[in-house]
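In what follows, a single structure is set out as structure tokens and then discussed.
The values are calculated or read from the model by the stated rules, or taken from the named source; none is laboratory data. None of the values given here were measured: they were computed from a predicted structure. Counting neighbours? That spans all protein chains shown, and the Cβs are built from the backbone with ideal geometry, glycine included.
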Amino acid sequence: MADLNISGVKKLYDGKQVLHGIDIAIQDGAFVVIVGPSGCGKSTLLRMIAGLEDISEGDIAIGGQVVNDIDPAGRGCAMVFQNYALYPHMTVRENMAYPLKIARLPRTERDRRVAEAAAILDLTPYLDRRPAQLSGGQRQRVAMGRAIVREPQVFLFDEPLSNLDAKLRVTMRIEIRRLHRRLNATSIFVTHDQVEAMTLADMLVVMNGGHVEQMGTPVEIYRRPASTFVAGFLGAPAMNLMPARVQGGRVVLEGAGGHALTVPGLAIPEGTAFTLGVRPEEIEVARSAPLMAQVDLVEELGGSRIAWVAAAGQELAVMLPRDLADTPVSRLGLVLPAGALHAFDLASGKRIALTLAEAAASQRAAVAVA
Ligand SMILES: Nc1ncnc2c1ncn2[C@@H]1O[C@H](COP(=O)(O)OP(=O)(O)O)[C@@H](O)[C@H]1O
Ligand SMILES: [Mg+2]
């Protein structure tokens, strides 16, 4: 087990830069999830940690030792891939023992480690089967077993659940978390799936276009997204974002309605145009309110319903409360509570303090970091 430090890491492919200076400090034993859209550089970063890609600039250190020039075998990382990468002609036992055979471990030690990993992963009854005789979930467990037997310092997972059906993905997600609780090894898990990211991570890293957008616990990031990108990426449906302006000391929603919200301790200067954000589940719904919305579509999720509504010239997603869940609705009154509002700079998309209290809190946080 080891901590992992990524500092100033850049990657260029034939002069085209795909990672623009990544800094991530990971504590020993942490479960870190890197989430971001396809093509943002997640696999590239993971492969650089494993030693499968060279580092154009910057350093990667594992357990305090810079590993830039150490070959993959010497880094103590084990990687689990999306496509399992099992050998079809080998049994489960042989597949799991293979990296140990390559490393020339004695037979008895190989057998011991395979038996132990198989027991952890409930694979003992299947050790003599070939991959074709296993279900998708069992194959993914074999791929994890092959990583576990190496007793790595760091586990690297590259979208390992993406090929599984929805139900199995949930089961495997929980198994991976249990496995981490048991082995306590530093783990980096890459995914483009925001639910997977939120549920698995101790620490979440949101990436976009070769940059880190935000790092923190899932709850911190969900509650205080650092940019419109993060606000729109985490949460289903995503945070509602709408153009707004400070006018007469109030927040005015632009568009047809021109609805004004009173925000106590408003910190944004008069006349400033900005992007206002509010999550679908934070909007309060009433039969009647100063802001009325026309319901366009209701999505049934079984336990809850999402209404897509038009209000103040905007399309908004609103989570319908349980007591409304069975009544058909065509018009709704909406209340956007001041405490549930987020503000972002119009040009950069970066979070700005909406209230004086938030400005003071972020100033305190900045001082604490410095
Ligand atoms: N071997 C390569 N040569 C050139 N460009 C590459 C190579 N591998 C990845 N890229 C590019 O680097 C960017 C990041 O890719 P990748 O790390 O695979 O993203 P992700 O895993 O987040 O989907 C993409 O624009 C991709 O086209
Ligand atoms: Mg990838």
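Data table
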read-out: Meets criteria (closer than 30 Å to E57 by Cα, hydroxyl-bearing (S, T, Y) and within 16 Å of ligand 2 (Cβ to nearest atom)) for T217; value: no
read-out: Filter pass, Q194 being closer than 30 Å to G8 by Cβ, assigned by TED's automatic domain parsing to the domain that holds I22 and touching a Leu at 6+ places or on another chain (Cβ under 6 Å); value: yes
read-out: Hey, V92 over 27 Å from T199 (Cα atoms) and either at pLDDT 95 or above or under 20 Å from the mean Cα position of the chain (by Cα) (or both) or not; value: yes
read-out: Those residues of the stretch 81-100 which are outside any helix (DSSP H, G or I) and either more than 14 Å from I188 (Cβ to Cβ) or of a type in the set (S, T, N, Q) (or both), in sequence order; value: Q82, N83, Y84, A85, L86, Y87, P88, H89, M90, T91
read-out: Condition broken by S162, with the remaining ones in (1) over 21 Å from R47 (Cα atoms); (2) out of contact with any Leu (no Cβ under 6 Å at 6 or more places or on another chain) satisfied; value: (1)
read-out: Unmet criterion (only one of (1) surrounded by fewer than 16 Cβ atoms within 10 Å (Cβ to Cβ); (2) within 16 Å of ligand 1 (Cβ to nearest atom); (3) of a type in the set (A, V, I, L, M, F, W, C)) for A119; value: (2)
read-out: Of all residues making up the stretch 4-31, the number that are part of a strand (DSSP E or B) and surrounded by fewer than 21 Cβ atoms within 10 Å (Cβ to Cβ); value: 14
read-out: Filter result for the condition that a residue is of a type in the set (G, A, S), in contact with an Asp or Glu (Cβ under 9 Å, 6 or more places away or on another chain) and crowded, with 16+ Cβ neighbours inside 10 Å, over A273, A293, A267; value: A267
read-out: Residues of the stretch 36-86 classified as more than 12 Å from ligand 1 (Cβ to nearest atom) and in contact with a Pro (Cβ under 8 Å, 6 or more places away or on another chain), total; value: 8
read-out: Selection status of D3, more than 15 Å from ligand 1 (Cβ to nearest atom) and within 19 Å of E151 (Cα to Cα); value: yes
read-out: Residues located in the stretch 249-264, provided they are surrounded by fewer than 13 Cβ atoms within 10 Å (Cβ to Cβ) and either among the aromatic types (F, W, Y) or at pLDDT 95 or above (or both); value: G249, T262, P264
read-out: Boolean, L46 is within 16 Å of ligand 2 (Cβ to nearest atom), closer than 30 Å to Q194 by Cα, assigned by TED's automatic domain parsing to the domain that holds G137 and not in a strand (DSSP E or B); value: yes
read-out: N68, sole failed condition from (1) under 25 Å from the mean Cα position of the chain (by Cα); (2) more than 16 Å from ligand 2 (Cβ to nearest atom); value: (1)
read-out: Tally, over the stretch 186-202, of residues that are in contact with a helix residue (DSSP H, G or I) (Cβ under 9 Å, 6 or more places away or on another chain) and either of a type in the set (S, T, Y) or more than 16 Å from ligand 1 (Cβ to nearest atom) (or both); value: 8
read-out: Selection within the stretch 288-312 - within 18 Å of G257 (Cα to Cα) and in contact (Cβ under 8 Å) with a residue 40 or more places away in the chain; value: S288, A289, P290, L291, M292, A293, A311, A312
read-out: Flag for I34 being within 16 Å of ligand 2 (Cβ to nearest atom) and in contact (Cβ under 8 Å) with a residue 60 or more places away in the chain; value: yes
read-out: Which listed residue, of A132, A61, A73, A78, is more than 16 Å from ligand 2 (Cβ to nearest atom), in the same structural domain as D28 (by TED's automatic domain parsing), part of a strand (DSSP E or B) and over 19 Å from H180 (Cα atoms); value: A61
read-out: Check on E315, without any contact (Cβ under 8 Å) to a residue 40 or more places away in the chain, among the acidic types (D, E) and either farther than 26 Å from V230 by Cβ or in a strand (DSSP E or B) (or both); value: yes
